[in-house]
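J.: Just dropping this structure here.
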Amino acid sequence: MVSIELKNISKSFGPVTANKDINIFAKGGEILGLLGENGAGKTTLMNVLSGLYRPDSGTISINNEEKTFDSPRDAISAGIGMVHQHFMLVPIFSVTENVILGNEETGFANFLKLSESERKVKEISEKYSLFVDPKEKIERLPVGSQQRVEIIKVLFRSAEVLIFDEPTAVLTPQEVAELFNIMNSLKATGKAIIFITHKLHEVLEVCDRISILRAGEIVGEADPKVASNKELANMMVGRPVNLSLERRSSKPGKILLDVKNLSVLSEKLDLAVSDISFDVKEGEIVGVAGVQGNGQTELVEALTGLRSSLSGKISYFGQMVPNMNPRKIHQIGVRHIPEDRQKSGIIGNFSVGENLILNNYYAAPYSKHLKMDWDVVSIESQKIIKNFDIRTPSNDTLAQNLSGGNQQKLVVGREMSSHVDFLIASQPTRGIDVGSIEYIHEQLIKSRNAGNGILLVSTELEEILALSDRIIVLFRGRIIKEFESNPAPEQIGLAMAGHSI
Amino acid sequence: MNMEVKSSYHQIKQTQLIGYILIALGIFSTFVFSVGVEGDAVFRLSRPRDPLALQNLVVPASPYNFFVSFVLTFLGIRLLIKRMSNYSSLYLGLGFFLLITCFLVWATAGKSFSLTGMLQATVVRATPIALAGLAGVLSERVAVINIGIEGMLLVGAFAGAVFGSIFGGLIGLIFAIFVGALFGLLLAVLVITYRVDQIIAGVAINILALGTTSFLTSHLLKSHPHLNDAPIFKPIKIPFISDLPVIGPTFFQHNFFVYGALILIIASTFYLFNTGIGLRLRAVGEHPKAADTLGVNVLKLRYLNVTLAGMVAGFGGAWFTIGSVGRFDEAMTGGRGFIGLAAMIFGRWHPVGALMAALVFGFADSLQQKLAILKTPIPSEFLAMAPYIATIVLVAGLIGRARAPNAIGKPYIKE
Amino acid sequence: MMDYLKKKFVSEHLDVKEILLVPIFATFFALTIGCLFLLATGEGLKNIFIAYSSLFIGSLGSLNALSETFTAATPLIFAALGIALAFRAGLFNIGAEGQMIIGGMAAVIVGFSIDFLPVWLHLPLALSVGALFGAMYASIAGWLKASTGAHEVISTIMLNLIAIRLLDYMLRSPIIQKEGRNDPISKSVLNTSELPQLLSFIDPQLRLHAGFLVMLGTVLLIYWLLFHTTIGYEFRSTGANPNAAKYAGIKATFTIVLVMFIAGALAGLAGANQITGVLGRASPGFSASIGFDAIAVALLGRSHPIGVLFAGLLFGALIAGGRLMQVKAGVSVDLITIIQALIIVFIAAPLLVRRAVPWIFKEDIKKDK
């Protein structure tokens, strides 16, 4: 049986210590859970393990034999295989091409022996029940199958230690269950598995042991048979965490957003949103659940004027908005937290102050007759920085130098500091620390309690369940199911996977 | 169901657009090329000493052009009636081809014109463009934009002339390739190791190549003219097939550069798409991080291919001197490197595609040259502009369908 | 003062080392390598010394040298401002050369054809028509980019080549060609459309003309536009993150066309400046690849109007000094092109400079790794 042991691993980047004196151990036939919130140093640790980084100090031993990895190749040949959170797959390559990349079988003049490789891929996929067509292009596969390709990739390299980095982030609950089955059967064949996640119930469900990582250090171990959700959360965050939010019951008022028979095309001209109708009223949060890529992005873009709709009606506050564009939507009082802050929420090499006026730089008091008034910008932005607890040295600091959580608070602060009538929050807490998550959730609830309507789009089921008054589930661009009050998570899970019953 | 909606929506728009374009072309050629044109257009297919001679092709100008204009309009209307066609871009290609024949007939009406000569010149003129395009494919497939090809052609031309003058053509060619490789390596060092913006680095290389070759020309070659008098590669007739009418002179009576370009195109196609290293190279261009996690050395492969691109460009540059006129003149490549980049884009980052596009450019180039003899009312400067305008139109029209390697322009940094 | 300036450069955040030392070292290294290049081509040390000293004397050594430096710098800075502005908006405008040609031609035509206007109307008219035509020519590339996504690098390169052919054609057309000449050369502009010389009261040989003052004003104007207006904010956000700009309600298509329009106007002004201030008429190659050198100037000035001013003065000095160098030492002016290319390389690769003189950039190197 294989065994892997990390001793006193430390790794820092400049002044930032990402990992400090990490000790973990896993052996064949067991699943070790590595629990930690975003920014705790999980990814750095995994990059050390997979040979992408060299640790500053400490040792990695496999079967009690000390190893040093200069490149991923060394880690692979030592039997370590990594299933990445963001799939490391070339979309325009076939399954087989992705699997063999770096370990190609070639004949005369380095020519590829594709059919032989395809046969091998098929063998592995059948042996471990990881069904995919070896000839299919990755970009045509659903997310769940893509993950199976990732697993086949490491098995093809005869990995004995498998590392799963946040593997459930993009899966439906059903796909998660299936993944856990696969992990268990891999465990049964004697492989050692390290499962990295920030989701408490998942470690409790599938792991044999749990190590908890916080601020770059291992802060404790737990036994999943006895540990509770609350206990783990406290260890992970380092202070008591309030998992359930206080919510007053909602008193929905007038209809603020009314969507009728909306259809929207995607970038590739697919019908991304297909004939959907719903509304959001005053004083309620409507959650849009669904697995990533089921039309959420296009829906939000259409609602905010970033994308023209194919057909259907969108009315805000009882009126259709002619020639919808982002500026007009903003001017009538709709605020938008975009799904990807790096992509469109902030401008990295603009200062915090410049970022805070992104939506209304053109209007008084920030500018008059085309002339910017930087003094006013400075005063106003300092107010927002204070009110929304944005941790930044000054408002002249470049936004790219802030942490993810503070960048997100910058976006939230910008959107919610001026008068809000309606808020569209898309993935408002993706990839940020628990403190910031709690803070942003409080802001959303506060805004709702003040009578605003909120459309919350999230792929985190827990977030949807914790915040929403009503839930609609998107599947392949359609509303497959609506829930008037909080349903059982399993029911939403089924709907997310496309079961309408 | 979704897929159908998508494709039909897209195709209807495109089909319609192309329909209108074809009708416009038909009307245009009716009034410009057909009305009031007299005489026959005589196209010479063989030259006096060809072993297998063909008769001249005699086309009655006005009837032919009226007929073709009618066909163009008919095709356009047909597309509009059909509303949707999978072959609309094929129609467009056919339409442009017909329009060019119209133009030729119009320009030749009452005169005679060597068609074979023009086709032969097309292949010759396409050669440096195809090589520049191939250099572009090689480096862009590993996600390195190579604006510096123009400069690499220039140094190749220079090295070919100088070393060819001293040591003879073959050694000159080897030095041209070597110097091209050095400039490729320089680009690689700048953009891969020092992460200089790829376009800026390319511009710098172009200026550097222009400055260096011009400086050396005025410093060395002016005072030592024997250093700028290189032998030219002689045409090699391929036995038997070179005697075929039209096809023989067009394809099989060229010097080593034409055959070499063809061999390089075929070899690179296999290299990129059928070998293990090719798989890694393409992965490096599409998703370098994925390749890195599997132990593929991203930076090394980028170095390899960018240097190879420099070698190909150096070879293409040598065409200008030892493959063509035997002497170097300042800035003699005249923007062929940039046209090569355009050819790469139309060729959708595929060596064979780049070759096809280069042939189109070569055709425009030789057409302009040969038409000057026919004394058409169009000023020669405007004919000289035609390929550039065509490039702009094609770049504007083709974008969206062509897809560059995903990681293009981005340096690879392990975070 | 420094604090005030620092505060005003809201989005600059460059430390002094980065802005000052890197360009200085880059120039120094480029000159050094140029020297090695001369050695390699067989120049004697003495002649190299003569070459470099005349490079210095020819650019800074006398009033005439300074006048030449400023005269050479003026069109470079005009064109480079346009390129810098486009850079800020995320566009790579390689087409300044073509825009200069078109702008210059327009100025020539206005300059010789209108003979009834007083100087205070005729000159501004010639300059602004030049700017307008440069602007419209550049807008073609902007419009193509905005409407079809055609990459501006390719379209501006093609527009350059087209402009050169167009110039050849126009210079031979009977309306424009000088009477009685067979070679392609235009009629001369009238006195009323010429930029007045500034230092002719000292010595009529001094070529420095009022275009220099117009240029200084334009630098300030562009600085103000870029950092103190909403338009500048739109340009900068479109360049820094087009998605965020779209999200902020900034219309990318309009911004792209507008920025190309202004960039073209500046390049056109560079052409008109050459015609009305220096040349007096157009001939093939009158643009003297100033539009390409301006790319280097824009890069060297880090796309900041003030930086562009200093970079342009440096390049103007190189050009002015290069002429004397050629006369005195017999070293071809093409050496200047090589030096310019090397400066771009070093500027664009600050890492290279830092590693070459590690003791000066100690802290930065630590930051890097």
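J.: So the label point goes 7 Å from the Cα of A:GLU221 along Cα→C-beta, right? Which residues of segment A:1-20 then have their backbone N under 14 Å from it?
T.: Counting only backbone N, you get A:4-8.
J.: Could you tell me which of B:LEU308, A:GLN146, A:VAL376 has its Cα farthest along the dipole of the protein assembly as shown towards the positive end, charges placed at Cβ (Lys, Arg +1; Asp, Glu -1), taken about the Cα centre?
T.: Result: B:LEU308.
J.: Roughly speaking, what is the stretch gain from A:VAL16 to A:SER417, that is 0.36 nm per residue apart minus the C-alpha to C-alpha distance, in nm to one decimal? It would help to have the intermediate numbers written out before the result.
T.: Values: separation 401, 0.36 × 401 = 144.36 nm, distance 3.17 nm.
Contour length minus the Cα-Cα distance gives 141.2 nm.
J.: I've got another one for you. How large is the convex hull of the C-alpha atoms of segment C:178-290 per residue, in Å³?
T.: Per-residue hull volume (Cα only) is 152 Å³.
J.: Just want the ordering: A:SER12, B:SER69, from fewest to most Cβ atoms lying within 10 Å of their own Cβ. Present the calculation step by step, with values, prior to reporting the outcome.
T.: Details: A:SER12 15, B:SER69 24.
Fewest to most other Cβ atoms nearby, the residues stand as A:SER12, B:SER69.
J.: Report, ordered by chain and residue number, the aspartates and glutamates lying within cross-link reach of B:LYS111, taken as a straight Cα distance under 19 Å and ignoring same-chain residues fewer than 8 apart.
T.: Result set, ordered by chain and number: B:GLU38, B:ASP40.
J.: Let me know the shape class of chain C, please: from the alpha-carbon gyration tensor, a ≥ b ≥ c as square roots of the eigenvalues, rounded when a/c is under 1.5, otherwise prolate if a/b is greater than b/c, or oblate. Walk me through the intermediate numbers first.
T.: Working: a/c = 1.68, a/b = 1.10, b/c = 1.53.
Since a/c reaches 1.5 but b/c is at least a/b, the shape of chain C is classed as oblate.
J.: Can I ask one more? Return the sequence-ordered ³J(HN,Hα) values of segment A:249-260 in whole Hz as given by the Karplus equation 6.51 cos²θ - 1.76 cosθ + 1.60 applied to θ = phi - 60°, using x for Gly and Pro.
T.: With the stated coefficients, segment A:249-260 comes to 5, 7, 10, x, x, 5, 6, 9, 10, 10, 10, 10 Hz.
J.: Can I ask one more? In nm, what is the difference between 0.36 nm times the number of residues separating B:ILE171 and B:ARG47 and their Cα-Cα distance?
T.: Values: separation 124, 0.36 × 124 = 44.64 nm, distance 3.42 nm.
Computed gain between B:ILE171 and B:ARG47 is 41.2 nm.
J.: What residues have an amide H closer than 5 Å to that of A:LEU256, excluding those fewer than 5 places away on the same chain, when H is modeled at 1.01 Å from N in the peptide plane?
T.: A:VAL280, A:LYS281, A:GLU282
J.: In nm, to one decimal, how far is the C:LEU20 label point from the A:SER249 one, both placed 7 Å along Cα→Cβ?
T.: Inter-label distance under the simple model: 7.0 nm.
J.: Quick one: if the Förster radius is 56 Å, what FRET efficiency do A:GLU105 and B:PHE31 give, using the C-beta to C-beta distance and rounding to 0.05?
T.: Details: r = 63 Å, r/R0 = 1.12.
Calculated value: 0.35.
J.: Here's another thing I want to ask about it. Give or take rounding to whole Å, what are the principal axis extents of the alpha carbon atoms in segment C:19-76, in descending order?
T.: Projected onto its principal axes, the Cα set of segment C:19-76 covers 34, 29, 18 Å.
J.: Still on this structure, I have one more. Can you flag which of A:LYS153/A:LYS225; A:LYS20/A:LYS153; A:LYS383/A:LYS409; A:LYS254/A:LYS383 are past 21 Å Cα-Cα?
T.: Working: A:LYS153/A:LYS225 32 Å; A:LYS20/A:LYS153 31 Å; A:LYS383/A:LYS409 13 Å; A:LYS254/A:LYS383 32 Å.
Beyond 21 Å: A:LYS153/A:LYS225; A:LYS20/A:LYS153; A:LYS254/A:LYS383.
J.: What full-extension length gain, to one decimal in nm, is calculated for A:ILE332 and A:GLU126 as 0.36 nm per residue of separation minus the Cα-Cα distance?
T.: Numbers: separation 206, 0.36 × 206 = 74.16 nm, distance 5.67 nm.
Taking 0.36 nm per residue and subtracting the Cα distance, the gain is 68.5 nm.
J.: If the only charges are +1 at each Lys and Arg Cβ and -1 at each Asp and Glu Cβ, what is the size of the charge dipole of the protein assembly as shown around the Cα centre, to the nearest 20 debye? Each step should come with its number before you reach the end.
T.: Numbers: 110 positive and 98 negative charges, 338 e Å.
The calculated dipole for the protein assembly as shown is roughly 1620 debye.
J.: Let me know the Kirkwood hydrodynamic radius for segment C:244-369, please, with Cα pairs as the basis and the value in Å to one decimal.
T.: On the way: mean 1/r = 0.0567 Å⁻¹.
That comes to 17.6 Å for segment C:244-369.
J.: Checking the a/c ratio against 1.5 first, then a/b against b/c, what shape does the Cα gyration tensor give for segment A:160-270? Intermediate results must be reported in sequence, preceding the final value.
T.: Working: a/c = 2.69, a/b = 1.42, b/c = 1.89.
Oblate, because a/c is 1.5 or more while a/b does not exceed b/c.
J.: Additional query: Using Cβ counts within 10 Å as a stand-in for footprinting exposure, how do A:CYS207, C:CYS35 rank, fewest first? Walk me through the numbers before you get to the answer.
T.: Numbers: A:CYS207 23, C:CYS35 18.
Result, fewest neighbours first: C:CYS35, A:CYS207.
J.: If neighbour count is taken as other Cβ atoms inside 10 Å, put A:ASP375, A:ASP56 in order from fewest to most.
T.: Details: A:ASP375 10, A:ASP56 15.
Least crowded to most crowded, the residues run A:ASP375, A:ASP56.
J.: Something else about it: Based on the alpha carbon coordinates of the protein assembly as shown, what radius of gyration and maximum Cα-Cα distance (Dmax) apply, in Å?
T.: My reading of the Cα-based Rg and Dmax gives 33.6, 104 Å.
J.: Which translational diffusion coefficient, to the nearest whole µm²/s, is obtained for segment B:117-395 from the Stokes-Einstein equation, given a Kirkwood hydrodynamic radius over C-alpha pairs, 25 °C and 0.890 mPa s?
T.: Working: Rh = 19.0 Å.
Translational D for this selection: 129 µm²/s.
J.: Please list, in chain and number order, the residues 5+ apart from A:ALA289 or on another chain whose amide H is under 5 Å from its amide H, with Hs placed from the backbone.
T.: Excluding prolines and chain starts, which carry no amide H, the hits are A:ILE472, A:VAL473, A:LEU474.
J.: I've got another one for you. Quote the relative contact order of segment A:255-496 in percent (integer), defining contacts as alpha-carbon pairs under 8 Å separated by 6+ residues. Walk me through the intermediate numbers first.
T.: Numbers: 461 pairs, mean separation 68.3, N = 242.
That works out to 28 percent.
J.: Next up: Given the -39500 (n - 2.57) contribution per DSSP H run of 4+ residues, what per-residue ellipticity at 222 nm results for chain A, rounded to the nearest 500 deg cm²/dmol? Present the calculation step by step, with values, prior to reporting the outcome.
T.: Details: 16 runs with 158 residues, N = 501.
Result for chain A, helices only: -9000 deg cm²/dmol.
J.: Within segment A:40-64, list the residues whose amide N lies under 18 Å from a label point set 7 Å along Cα→Cβ of A:ARG239.
T.: Of the residues in segment A:40-64, A:40 have backbone N under 18 Å from the label point off A:ARG239.
J.: For labels at B:PHE74 and C:SER188 in the simple 7 Å Cα→Cβ model, what's the distance in nm?
T.: If labels sit at B:PHE74 and C:SER188, their model points lie 6.3 nm apart.
J.: Next up: Residue by residue through segment B:47-61, what is 3J(HN,Hα) from phi via Karplus (6.51 cos²θ - 1.76 cosθ + 1.60, θ = phi - 60°)? Round to whole Hz and write x for glycine and proline.
T.: 9, x, 9, 5, x, 10, 8, 10, 6, 5, 8, 10, 10, x, 4
J.: Another question, then. R0 = 30 Å: FRET efficiency of A:GLU66 with A:ALA188, Cβ-based, nearest 0.05? All intermediate terms of the calculation are to be shown ahead of the outcome.
T.: Values: r = 29 Å, r/R0 = 0.96.
Between A:GLU66 and A:ALA188 the formula returns 0.55.
J.: What shape does chain A have by the C-alpha gyration tensor, where a ≥ b ≥ c are the square roots of the eigenvalues, rounded means a/c under 1.5, and otherwise prolate means a/b greater than b/c and oblate the rest?
T.: On the way: a/c = 1.79, a/b = 1.50, b/c = 1.19.
Since a/c reaches 1.5 and a/b is larger than b/c, the shape of chain A is classed as prolate.
J.: Further question: Provide the per-residue ³J(HN,Hα) series for segment B:233-249, in order, calculated from phi with Karplus coefficients 6.51, -1.76, 1.60 and θ = phi - 60°, each as a whole number of Hz, with x at glycine and proline positions.
T.: After applying 6.51 cos²θ - 1.76 cosθ + 1.60, I find 4, 7, x, 10, 8, 6, x, 6, 5, 6, 8, 4, x, 6, 5, x, x Hz.
J.: If you place +1 on the Cβ of every Lys and Arg and -1 on the Cβ of every Asp and Glu, how big does the dipole about the Cα centre of chain B come out, in debye to the nearest 20?
T.: It comes to approximately 680 debye.
J.: What distance in nm separates the simple spin-label points at B:ALA331 and A:GLU482, each placed 7 Å from Cα in the Cβ direction?
T.: Spacing of the two 7 Å Cα→Cβ label points: 6.9 nm.
J.: What translational diffusion coefficient, in µm²/s and rounded to a whole number, does the Stokes-Einstein relation yield for segment B:41-112 at 4 °C and a viscosity of 1.567 mPa s, taking the hydrodynamic radius as the Kirkwood radius over Cα pairs?
T.: 92 µm²/s
J.: Which percentage, to the nearest 5, of the DSSP beta bridges contained in chain A is antiparallel?
T.: Working: 45 of 80 bridges.
Among the beta bridges of chain A, antiparallel pairing accounts for roughly 55 percent.
None of the figures in this text is laboratory data; all of them are computed from the coordinates on show. Every value quoted in this text rests on a predicted model; they were computed, and no experiment measured them. Glycine gets a Cβ as well: all are built from the backbone with ideal geometry, and neighbour counts include every protein chain shown.
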